[in-house]
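One structure, as C-alpha cells, below. Some questions next.
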Amino acid sequence: MSNGDNTQIGYSREDWESHYKNKDLRWDLNEVAPPFEHLWKKKNIRPCKTIIPGCGAGHEVIFLAKKGFNVTAVDYTDGAIKIIEKTLIDNNYSGEVLQQDFFKIDCKYNEKFDLMLEHTFFCAINPNMRQAYVETTKRLLKPGGYLVGLFYETNQEGGPPFNTSQEDIERYFCSSFKIESLDKTPYSVEQRRDKEWLAVLKKVD
Ligand SMILES: C[S@@+](CC[C@H](N)C(=O)[O-])C[C@H]1O[C@@H](n2cnc3c(N)ncnc32)[C@H](O)[C@@H]1O
C-alpha cells in the first residue's frame, strides 16, 4: 500500500495474500516463539478462552490448543486460514478459526476472551491502526482479561514490521491496561535478539 508519494505505509490484505501464495513467510519462525514457551513454564497460566489475532501459520494457536486452551484464531487471508485449518485437523486439535479482519470482529465476541496472545501482529499493521488495535482488544477481552504480547522493536524506519518501542507500548496501552510486566526478553530467536518486548497487560476498564 502506498500513501501517494511512494512511501510504504503498510500492507493491504492482497499484499499479505500474495506472501502466502508465493510461500514467502519471512516472518514465520516455524515454531512457537520461545519467549512464550518460557513464560508458560514460569507462570501457571491456566487454560482459558483465548484469541490470537493475525495468527498466520498458527504456531501459537497449536501451542495453546495442545495445552487445552479454547483458542480462536483470526487472520484475514485465505493462505493463513488454509494452513491453520489443516494443521488443526492433522493434529486432531480443536479450535475456532475466523477468516476475518481483526478490527471488524463481530460484536457477539465482545468481552468473550480471558486472554489475547499477540505475536508479530501489532508490528504488521499500519501504525495509524494502533489505537484501533487497543480499542478492539479492549472490546474483546473480559474485564480483567489479559493481553500477553511480544512486541518487535526493529529500530528501523518503515515496515512492516513497524518499529514498536517501550514508549509506544506504554503510551497506547496505559489508559485501559495495567502494565504488569514489560521486559526485553532474553529468549528471542537469534534474528530478533534484544529486539522483543514481552508484555503482560491487564485490562482495567
Ligand atoms: C507478520 S504476520 C504474523 C503471523 C503470526 N502471528 C506469526 O507471528 O507468525 C501478520 C499476519 O497478520 C495478518 N493480518 C494483517 N492485518 C490483518 C487484519 N486487519 N486482520 C486479520 N489479519 C490480519 C496477515 O494476513 C498475516 O498473516
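Here, each number is a calculation from the coordinates, and none is a lab measurement. Every value quoted in this text rests on a predicted model; they were computed, and no experiment measured them. Cβ: placed from backbone, ideal geometry, glycine included. Neighbour counts: every protein chain shown.
Taking the stretch 64-79 as the region of interest, how many residues are surrounded by fewer than 20 Cβ atoms within 10 Å (Cβ to Cβ) and out of contact with any helix residue (DSSP H, G or I) (no Cβ under 7 Å at 6 or more places or on another chain)?
Adding up the residues that qualify gives 4.
When only residues in the stretch 149-181 that are of a type in the set (A, V, I, L, M) and within 16 Å of the chain's Cα centre (by Cα) count, which is nearest to D28 (Cα to Cα)? Step through it out loud before you land on a result.
Our first condition is that a residue be of a type in the set (A, V, I, L, M); within the stretch 149-181, this holds for 150, 169, 179.
Still in the list and also within 16 Å of the chain's Cα centre (by Cα): 150, 169.
Working: L150: 14, I169: 23 Å.
Looking at the filtered set, the residue picked out is L150.
Now for a different question. Determine, yes or no, whether T120 is of a type in the set (V, I, T), touching a helix residue (DSSP H, G or I) at 6+ places or on another chain (Cβ under 9 Å) and under 25 Å from R46 (Cα atoms).
no
A quick yes/no check of all residues on (1) under 14 Å from K202 (Cβ atoms); (2) in contact (Cβ under 8 Å) with a residue 60 or more places away in the chain; (3) of a type in the set (K, R); (4) buried (at least 19 other Cβ atoms within 10 Å of the Cβ):
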residue	(1), (2), (3), (4)
Q99	no, no, no, no
I105	no, no, no, yes
F113	yes, yes, no, yes
N126	no, yes, no, no
E135	no, no, no, no
I179	yes, no, no, no
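Return yes or no: is G149 of a type outside the set (A, V, I, L, M), within 16 Å of the ligand (Cβ to nearest atom), assigned to a helix (DSSP H, G or I) and touching a His at 6+ places or on another chain (Cβ under 8 Å)?
No.
Take the residues of the stretch 183-205 that are closer than 16 Å to N163 by Cβ and of a type in the set (A, V, I, L, M, F, W, C): which is surrounded by the most Cβ atoms within 10 Å (Cβ to Cβ)?
Restricting to residues being closer than 16 Å to N163 by Cβ and of a type in the set (A, V, I, L, M, F, W, C), the top hit is A199.
Then there is this: Return only the number of the condition from (1) over 29 Å from E14 (Cβ atoms); (2) in contact with a strand residue (DSSP E or B) (Cβ under 9 Å, 6 or more places away or on another chain) that G58 does not satisfy.
(1)
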